[in-house]
Amino acid sequence: EAAARRKGKARRGRGKARGEGLLSKQKRSRRMKANDRERNRMHHLNSALDALRSVLPTFPDDAKLTKIETLRFAHNYIWALTQSLRLA
């Protein structure tokens with residue numbers, strides 16, 4: 001069985017080089033697809049953060065909060081609204 005596999009490889013000749021080229025193309029294709037998915041994920045994340053920023057009250061209206069500032073501010077704002085509802 002192992003000898004038959006070795007014989008098969010010997011007959012193919014340059015098949016290994018072609019296989020490596022194909023493998024390289026597949027890796028490149030997978031990497032490009034992964035990059036596209038990551039780019040789309042970041043676009044969606046940034047869009048969601050922009051939507052969140054639009055409903056949060058900011059004092060200088062033109063100041064854009066960073067991602068972490070937006071999340072922390074939203075957390076604190078929700079906590080403050082919850083506290084005011086409990087007291088009411």
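The values are calculated or read from the model by the stated rules, or taken from the named source; none is laboratory data. Treat the numbers as computed from the prediction; the structure is a model and nothing was measured. Reconstructed Cβ throughout: ideal geometry from the backbone, glycine too, with neighbour counts over all protein chains shown. What goes into the accessible areas is simple: the full protein's heavy atoms, side chains included, and nothing from ligands, DNA or RNA. Shrake-Rupley method; radii C 1.70, N 1.55, O 1.52, S 1.80 Å.
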Review point. What are the residue pairs meeting all of these: first residue in segment 69-83, first residue closer than 17 Å to ASN46 by Cβ, second residue outside any helix (DSSP H, G or I) and open to solvent by 60 Å² or more (accessible area, probe 1.4 Å), Cβ atoms under 9 Å, and 6 or more apart or on different chains?
Key: THR70/LYS64
Practice item. Within segment 1-23, identify whether any single residue is modelled with pLDDT of 90 or more, in a helix (DSSP H, G or I) and either open to solvent by less than 80 Å² (accessible area, probe 1.4 Å) or not β-branched (Val, Ile, Thr) (or both), and answer yes or no. Key: no
**Study point:** Enumeration of residues in segment 27-65 that are loosely packed, with under 10 Cβ neighbours inside 10 Å and among the polar types (S, T, N, Q)
**Key:** SER54
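Could you please find all residues in segment 66-77 being of a type in the set (A, V, I, L, M, F, W, C) and loosely packed, with under 11 Cβ neighbours inside 10 Å? Outline the logic, then answer.
The initial filter retains those residues of segment 66-77 that are of a type in the set (A, V, I, L, M, F, W, C), namely 68, 71, 73-74.
Within segment 66-77, ILE68 is the sole residue that qualifies.
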